Structures are given as structure tokens and as C-alpha cells.
Amino acid sequence: MPPTDTHAGTIVSLRNVSKAFERGTVALRGFDLEVREGEFVSLLGPSGCGKSTALRIVAGLSEASQGNVENSAAGKLGFVFQEPTLMPWADVAANVRLPLDLARIGAPAAVGNALARVGLADFAHAYPRELSGGMRMRVSIARALVTEPQLLLMDEPFAALDEITRFKLNNDLLALWQEMRRTVIFVTHSVFESVYLSQRIVVMTPRPGRVFTEIAIPAPYPRHEEFRTSAEYAGFCRQVADALGKATAEAA
Amino acid sequence: MNEGAMRILFPGLVLVLVVAIWHAAVALLAIPPYVLPGPGLVLSTLIADGGLLWRSLLVTLTITFEGFMLAAVGGIVLAVAFNRWKAFEYSFYPYAVILQVTPVVAIAPLLLIYLPQPLAVLACAWIVAFFPVLANATLGLNSVDHNLLALFELYKASRWQVLFRLKLPAALPQMLAGVRIAGGLSLIGAVVAEIAAGSAGAGSGLAYRIAESGYRLNIPRMFAALLLLSAAGVAIFFVLSALSHLLLRRWHESEITRER
């Protein structure tokens with residue numbers, strides 16, 4: 001099979017990727033993922049199924065032990081960690097400006113724009129410790145967006161937030177995605193969150209992680225709070241939860 | 001009464017009480033000044049010998065300051081080097097520990113043989129002061145948030161960017177803790193070396209004055225010099241605490257006072 005098998009519009013392609021850590025843990029085995037440009041894809045699986053590892057491999061923060069990794073957005077990506085991961089000694093503006101500073105890019109309007117997008121325009125000079133958990137996560141998202149990345153990688157970004165804040169950030173993230181039309185790969189262990197956000201859900205088996213099945217969520221965007229309470233949403237959630245249950249049972 | 005007032009008033013009361021008891025004991029028991037001078041005599045000696053003691057204080061403080069600066073800068077530079085080259089850390093860290101655990105009182109006489117006295121005193125001040133800076137800065141540099149490191153890697157930060165924009169600021173609280181300890185220790189190191197050199201008689205620092213006054217049974221002057229040394233130590237502590245507060249007040253948990 002020729003390596004140029006990926007069809008046009010593919011931004012990320014992982015083929016038969018395995019990852020074993022030095023201590024012998026096998027996080028991924030025979031993992032395949034293909035993401036098209038502009039898509040919103042979620043990786044869903046139980047804790048420790050290697051979904052974060054897969055995301056770090058896509059980002060180039062970790063190397064696959066085996067397999068083929070292609071990422072045409074390499075160098076043009078943003079990453080949002082599970083924690084806000086802000087520099088506590090720097091104010092919000094300086095935190096958001098970091099990727100530009102590191103690349104020695106002077107883009108005076110970029111920081112303000114990124115903060116405005118996440119609704120924090122008035123907090124440029126606050127310090128991270130003065131903000132709530134949800135606001136810190138917004139800063140983290142603004143920092144990921146400030147370089148106008150082609151690909152946004154999010155590693156369970158809202159897992160530590162309360163439900164009200166999470167729902168709000170879900171809505172804001174969808175609005176941002178619709179506005180910017182960038183590719184998003186979103187890692188989560190929440191069935192409900194993945195259904196609400198994604199066009200396509202990749203359900204993973206427990207460690208060693210591989211793709212159990214993929215489920216498309218063909219509900220139209222924009223999706224709002226009404227979608228969360230619709231029968232259609234409940235149906236998708238049941239379908240995805242069933243798949244996740246089977247994926248977990250198969251390995252156990 | 002609020003907490004701030006109590007923090008000043010209560011130790012002040014203790015001071016007044018102790019000085020009063022001291023004075024009463026000396027007066028009532030008619031203790032001769034060559035055994036224990038009263039607080040009034042110590043104070044008048046401090047004023048009478050002011051010029052001499054002040055010059056000696058400056059000598060000791062100058063060496064303390066030099067030793068402290070060398071320790072602070074050297075400790076941090078060495079910690080950065082250790083963090084950067086693990087082989088370097090493995091090679092030299094044990095010897096830094098050995099240097100630290102060997103009592104400086106025991107090293108001072110040897111240093112006084114090999115080095116001219118001011119240099120030997122400086123070396124002692126440095127030896128005791130640099131280790132806490134090194135140890136704390138090493139800890140700080142090694143405890144940088146792994147995700148922040150990953151973020152810097154993601155944006156292809158250079159080594160210098162990682163050092164100056166991430167590692168040094170992240171380690172600042174620990175480095176300042178080390179520096180604060182080093183301030184007091186460099187004074188101790190300088191004093192120990194001066195005392196060790198005492199009988200050689202070449203020095204003119206405050207600790208040398210204490211040793212000299214001891215030989216002459218000038219007990220009031222010993223007390224006056226001791227008082228000055230304590231005051232110097234307290235001043236060093238306050239200056240370094242203020243510096244630490246100034247640098248950390250906006251962001252570090254240790255400097256935030258919470259309302260309850």
C-alpha cells in the first residue's frame with residue numbers, strides 16, 4: 001500500500017500506530033486515525049486508554065514506537081491541556097502572548113483578539129490566581145488560538161470544571177469552531193460531551209488503546225442547549241454509550 | 001487588637017521585661033561589670049566605643065555582603081548548570097554536600113593558613129551560604145510544571161527561552177527561600193572565620209573585636225559588639241524578606257494573605 005493513500009483534505013493521519021513506554025506499559029496498539037480538514041472529532045474512551053497519548057503523538061510531543069504519523073498542520077497547531085497550564089508569574093496577556101513571544105512574532109492585535117474571542121477582553125492584566133477555574137481554561141484556549149492554528153488539540157480540557165461551567169464552555173467552543181472553521185481533535189471520557197460537540201466520535205478500547213468503532217453524529221450545527229435535551233441527542237448518547245460499554249467489556 | 005499590632009507589641013513587651021529583670025538582677029545582686037554588665041552600661045559602651053565598633057561592623061558587613069553575593073550568584077549559576085548537564089550534577093553535587101556538612105569552624109583554621117585573612121573570611125562566608133541557594137534553586141528548577149515544558153517544546157522554544165522564560169521564573173520562590181537562608185549564614189560564616197583568626201590578630205571585624213575584648217575582660221564591649229552583630233543579622237533578614245515579598249507578591253501562594 002503506498003504511503004500517499006491519504007485522500008485530499010486529510011490533515012492528520014495515524015496508521016497502525018503503537019506506543020510502548022520504557023516501563024513496559026503499552027498505551028496504543030494498532031491505532032488508526034484520520035482527520036479531515038475542518039472536522040470536529042472526539043477521541044472517547046475510559047481513563048488510561050491511551051487517548052491522551054494519541055493526542056501527544058499528533059502534537060509531536062511524543063513519538064510513536066511503531067507506525068506511520070502524518071500531520072500536515074505540524075508547527076501550526078494549538079494545544080489545550082487538561083489543566084490550564086498557565087505561568088502564574090505572568091498576567092493573562094503575557095500568558096496568551098507566549099507562543100508569539102517564543103516565535104519572536106510581534107502581533108499587537110492578536111492577544112486582544114484572542115482574549116475577546118474567549119470573552120476575557122477585560123482581564124488582560126489579571127493574574128491567573130485571581131481567576132476562576134473556568135476563566136483560566138478560557139485563557140488557556142485563547143493562548144492556543146493566538147497563533148491562528150490550523151489544528152486545535154484539546155486534552156480533556158473541561159474535565160476538572162463544574163457542570164455549569166463545562167456546558168457554557170462547550171457552547172463557546174462550538175461557537176468558536178463555527179466561526180473559525182479550524183480542525184479540532186478533542187479528547188474526553190464523557191459520552192455526553194463528545195456527542196454534543198463532535199461530528200464524529202472515535203471510540204477507543206482500554207489499554208492498549210485502539211479504535212473500537214467510529215460513530216458519526218449527523219445533527220446539524222449550530223447546536224444549542226435545546227439539542228442537549230432533545231430525543232435525538234439522547235438517542236446518540238445511548239448509541240455511543242453502548243459502543244463504549246462494548247469496547248470496555250471486550251478488553252476486560 | 002489586630003494581629004499586626006500584636007506582632008509588634010508582644011515581642012516589644014518581652015524585650016522590656018527581660019531588660020528590666022536584667023537591670024534589676026545586676027543592681028540588686030551587685031554583680032560586677034566584668035561578670036555581667038547591666039543594660040545601661042552596655043548601651044553607654046556602645047555609644048562610647050561607637051566609632052571603633054562601627055568601623056568593625058562595616059568590615060564584617062562588607063565581607064558578609066561579598067560572601068553572600070558570591071553565594072547567591074554562584075549557587076544559582078551552579079544550579080542552572082546542574083539542571084542543564086546531568087553528568088555535571090552527578091559529578092559535583094556530592095562534593096557540594098560534603099562541603100556543606102563539614103563544620104565551617106573546622107575548615108576556617110586551614111583556610112587561614114592558605115589564604116590571606118580577608119580572603120579566608122570571605123571563603124568561609126561563601127562556603128556556608130552557597131549550599132542552601134544551590135539546593136533550593138536545584139529543587140525549584142527540577143519542579144517546573146511538565147505541561148508548561150511540553151508547551152514550550154510545542155512552540156519550539158530555544159534552550160535560553162526555556163531557561164529565562166520558564167525555569168528561572170518558576171524556580172524563583174525556591175531560589176529566594178535559599179537566598180534568605182544564605183543571608184544569615186554568610187554573616188555566621190564571616191563571624192566564625194574572624195573568631196578563628198582571632199588570636200592571629202590581623203583582623204578588624206566585629207567578631208575579632210569580641211574575641212579581643214574577651215582577652216581583655218572588657219565584657220561590656222563584648223555585649224555591645226554582640227548587640228550590633230544581632231542587629232546586623234536582623235537587618236539582613238528583613239531586607240531579604242522584603243525583597244522576596246516584592247518579587248512574589250503578585251503571584252505566589254506564600255505571599256498571598258487570604259481573608260476568611
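Name the single residue, out of those in the range A:45-79 being within 14 Å of chain B (Cβ to nearest Cβ) and assigned to a loop (DSSP other than H, G, I, E, B), that is surrounded by the most Cβ atoms within 10 Å (Cβ to Cβ).
So the first thing to find is which residues in the range A:45-79 are within 14 Å of chain B (Cβ to nearest Cβ), and the list is A:52-53, A:55-63, A:71, A:73-79.
Next, from what is left, pick out any that are assigned to a loop (DSSP other than H, G, I, E, B): A:60-63, A:73-76.
On the way: A:Gly60: 16, A:Leu61: 17, A:Ser62: 17, A:Glu63: 9, A:Ala73: 20, A:Ala74: 14, A:Gly75: 14, A:Lys76: 14.
The qualifying residue surrounded by the most Cβ atoms within 10 Å (Cβ to Cβ) is A:Ala73.
Could you tell me whether A:Ala110 is at pLDDT 90 or above and outside any loop (DSSP other than H, G, I, E, B)? I'd like the intermediate steps shown before the answer.
Details: at pLDDT 90 or above: yes; outside any loop (DSSP other than H, G, I, E, B): yes.
Here the answer is yes, as A:Ala110 does meet what is asked.
Of the residues B:Ile195, B:Ile188, only one is out of contact with any Lys or Arg (no Cβ under 9 Å at 6 or more places or on another chain), in a helix (DSSP H, G or I) and modelled with pLDDT of 90 or more; which?
Numbers: B:Ile195 fails: modelled with pLDDT of 90 or more.
The unique qualifying residue is B:Ile188.
Please find, within the range B:204-260, the residue that is farthest from the chain's Cα centre (by Cα) out of those that are within 14 Å of chain A (Cβ to nearest Cβ) and not in a loop (DSSP other than H, G, I, E, B).
It comes out as B:Glu253.
Report whether or not B:Ala157 is assigned to a loop (DSSP other than H, G, I, E, B) and on the phi < 0 side of the Ramachandran plot. First the steps, then the outcome.
Details: assigned to a loop (DSSP other than H, G, I, E, B): yes; on the phi < 0 side of the Ramachandran plot: yes.
It is true that B:Ala157 is assigned to a loop (DSSP other than H, G, I, E, B) and on the phi < 0 side of the Ramachandran plot.
With the requirement that a residue be more than 12 Å from chain B (Cβ to nearest Cβ) and within 17 Å of A:Met180 (Cβ to Cβ), what does the range A:131-147 give you?
Those that are more than 12 Å from chain B (Cβ to nearest Cβ) and within 17 Å of A:Met180 (Cβ to Cβ): A:Arg138, A:Ile141, A:Ala142, A:Leu145.
Identify, from the list B:Val121, B:Val128, B:Val77, the residue that is at pLDDT below 90 and either closer than 22 Å to B:Gly205 by Cβ or part of a helix (DSSP H, G or I) (or both).
B:Val121
Where residues in the range B:143-168 are among the hydroxyl-bearing types (Ser, Thr, Tyr) and free of Cβ contacts under 8 Å to residues at least 24 places away in the same chain, which of them is nearest to the other protein chains (Cβ to nearest Cβ)?
Residues of the range B:143-168 that are among the hydroxyl-bearing types (Ser, Thr, Tyr), as a first pass: B:143, B:155, B:158.
Pick out the ones that are also free of Cβ contacts under 8 Å to residues at least 24 places away in the same chain and you get B:155, B:158.
On the way: B:Tyr155: 4, B:Ser158: 8 Å.
Here the answer is B:Tyr155.
Sort out which residues of the range B:78-91 are surrounded by fewer than 15 Cβ atoms within 10 Å (Cβ to Cβ), within 22 Å of B:Ala171 (Cα to Cα) and not aliphatic (A, V, I, L, M), and write them in order of number. Full working, then the answer.
Initial filter on the range B:78-91 (surrounded by fewer than 15 Cβ atoms within 10 Å (Cβ to Cβ)): B:81, B:84-88, B:90-91.
From what's left, within 22 Å of B:Ala171 (Cα to Cα): B:81, B:84-88, B:90.
B:Arg84, B:Trp85, B:Lys86, B:Phe88, B:Tyr90 - these are the residues of the range B:78-91 that are surrounded by fewer than 15 Cβ atoms within 10 Å (Cβ to Cβ), within 22 Å of B:Ala171 (Cα to Cα) and not aliphatic (A, V, I, L, M).
Does the range A:122-130 include one or more residues that are in contact with a helix residue (DSSP H, G or I) (Cβ under 7 Å, 6 or more places away or on another chain), more than 20 Å from A:Lys76 (Cα to Cα) and away from every other protein chain (no Cβ under 14 Å)?
As a first pass, look at the range A:122-130 and keep what is in contact with a helix residue (DSSP H, G or I) (Cβ under 7 Å, 6 or more places away or on another chain): A:123-126, A:128.
Still in the list and also more than 20 Å from A:Lys76 (Cα to Cα): A:123-126, A:128.
Right, trim to away from every other protein chain (no Cβ under 14 Å) and you get A:123-124.
Within the range A:122-130, one or more residues are in contact with a helix residue (DSSP H, G or I) (Cβ under 7 Å, 6 or more places away or on another chain), more than 20 Å from A:Lys76 (Cα to Cα) and away from every other protein chain (no Cβ under 14 Å).
Go over the candidates B:Tyr114, B:Tyr95 one by one and state the one that is among the aromatic types (Phe, Trp, Tyr), loosely packed, with under 15 Cβ neighbours inside 10 Å and over 30 Å from B:Pro169 (Cα atoms).
Values: B:Tyr95 fails: over 30 Å from B:Pro169 (Cα atoms).
Being among the aromatic types (Phe, Trp, Tyr), loosely packed, with under 15 Cβ neighbours inside 10 Å and over 30 Å from B:Pro169 (Cα atoms) holds for just one of B:Tyr114, B:Tyr95, which is B:Tyr114.
Would you point out which residue out of A:Leu115, A:Leu77 is under 29 Å from B:Ala171 (Cα atoms) and under 18 Å from the mean Cα position of the chain (by Cα)? Break it down into steps so the answer makes sense when it comes.
Working: A:Leu115 fails: under 18 Å from the mean Cα position of the chain (by Cα).
On inspection, the qualifying residue turns out to be A:Leu77.
Among the residues of the range B:119-129, is any more than 28 Å from A:Arg104 (Cβ to Cβ), assigned by TED's automatic domain parsing to the domain that holds B:Gly233 and surrounded by fewer than 20 Cβ atoms within 10 Å (Cβ to Cβ)? I'd like the intermediate steps shown before the answer.
Filtering the range B:119-129 down to residues more than 28 Å from A:Arg104 (Cβ to Cβ) leaves B:119-129.
If we keep only those that are assigned by TED's automatic domain parsing to the domain that holds B:Gly233 too, we end up with B:119-129.
Among the residues that remain, those that are also surrounded by fewer than 20 Cβ atoms within 10 Å (Cβ to Cβ) are: B:119.
Checked against the condition, which is being more than 28 Å from A:Arg104 (Cβ to Cβ), assigned by TED's automatic domain parsing to the domain that holds B:Gly233 and surrounded by fewer than 20 Cβ atoms within 10 Å (Cβ to Cβ), the range B:119-129 yields at least one hit.
Among the residues of the range A:80-111, write down those that are of a type in the set (Asp, Glu) and either more than 9 Å from every other protein chain (Cβ to nearest Cβ) or farther than 15 Å from B:Gln161 by Cβ (or both). Talk me through it step by step, then tell me what you get.
First, pick out the residues of the range A:80-111 that are of a type in the set (Asp, Glu): A:83, A:91, A:101.
Matches in the range A:80-111: A:Glu83, A:Asp91.
For the list (1) in the same structural domain as A:Ile215 (by TED's automatic domain parsing); (2) modelled with pLDDT of 90 or more; (3) of a type in the set (A, V, I, L, M, F, W, C), I need the number of the one condition that A:Cys49 fails.
Exception for A:Cys49: condition (2).
Could you say which residue among B:Arg216, B:Arg221, B:Arg159, B:Arg180 is of a type in the set (Lys, Arg) and farther than 26 Å from B:Ala108 by Cα?
Values: B:Arg216 fails: farther than 26 Å from B:Ala108 by Cα; B:Arg221 fails: farther than 26 Å from B:Ala108 by Cα; B:Arg180 fails: farther than 26 Å from B:Ala108 by Cα.
That would be B:Arg159, the only listed residue that is of a type in the set (Lys, Arg) and farther than 26 Å from B:Ala108 by Cα.
Restricting to the range A:17-44, give me the number of residues that are in a strand (DSSP E or B) and of a type in the set (Ser, Thr, Tyr).
Pass one, the range A:17-44, residues in a strand (DSSP E or B): A:17-20, A:26-36, A:40-44.
Checking the rest, the ones that are also of a type in the set (Ser, Thr, Tyr) come to A:18, A:42.
Within the range A:17-44, residues that are in a strand (DSSP E or B) and of a type in the set (Ser, Thr, Tyr) number 2.
The values are calculated or read from the model by the stated rules, or taken from the named source; none is laboratory data. All values reported here derive from a predicted model rather than from experimental measurement. When we count neighbours, we look across all protein chains shown, and the Cβ atoms used for this are built from the backbone with ideal geometry, even at glycine.
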